[in-house]
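As structure tokens, the structure follows; a few thoughts come after it.
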Amino acid sequence: VYAGVSVDQKNKQAGLDIWDVADPANPRQLGAYRMPAANSYRGVPDVVVDGSPAYLAVGSQGIEVLDVANPALPVRLGGFPTSDTAIDLVVRGNHLFVATGKGVRIYDCSEALPFPLLGQYDMRNAVYTLALTGNTLFAAAPSIGVQLLNVGDPAAPFPVSTLSFFGPDTVRLW
């Protein structure tokens, strides 16, 4: 199953599309969720599915959380604003890492919505993409490069080093 984001320019709506890609030659759509036009015209920069919850970064609107246990009928569980534009997401266990226009925010997604903020790391530029390995969070930001953060204690992330050899316009990590 594949979940991806889409934007309907005509109706000015964005949302989540869920596809069965078990047979790549014959993908079939299982379900979809469309956000209200007023909340979604700029699109959904990122989605992460972790079991049945799907977390959507919805730009200046923050985070939306959907139950996708039944892919044919995704259900909105709720949402909450972030301190700045939500751009990219990584989830591990009970922690939701959010790249924002001001840095990184870490939320406890085991709690009821709105998720409590556990920790944050402010940067001088927007963070466009995140990657997590072990306790190291890679945060790519223009003019900075890739900031490596130790997130072993999500309440107190701290910088370990910066990879600037990628160049000033690095915006994606895999």
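Taking the 1.4 Å solvent-accessible surface of the stretch 48-174 as the whole, the part contributed by carbon and sulfur is 53%. Counting only protein heavy atoms and using a 1.4 Å probe, the accessible area of Ser83 comes to about 70 Å². What whole-number distance in Å separates the alpha-carbon centres of the stretch 51-109 and the stretch 112-144? Between the Cα centre of the stretch 51-109 and that of the stretch 112-144, the gap is 13 Å. Basic side chains Lys and Arg get +1 at the Cβ, acidic Asp and Glu get -1 at the Cβ, and with that the dipole of the stretch 70-174 about its Cα centre reaches some 140 debye.
The values are calculated or read from the model by the stated rules, or taken from the named source; none is laboratory data. Quick caveat, the model's predicted, so the values are computed rather than measured. Ideal geometry is used to build each Cβ from the backbone, glycine not excepted, and the neighbour counts take in all protein chains shown. Calculation scope for accessible area: heavy atoms of the full protein, side chains included, ligands and nucleic acids excluded. Shrake-Rupley method; radii C 1.70, N 1.55, O 1.52, S 1.80 Å.
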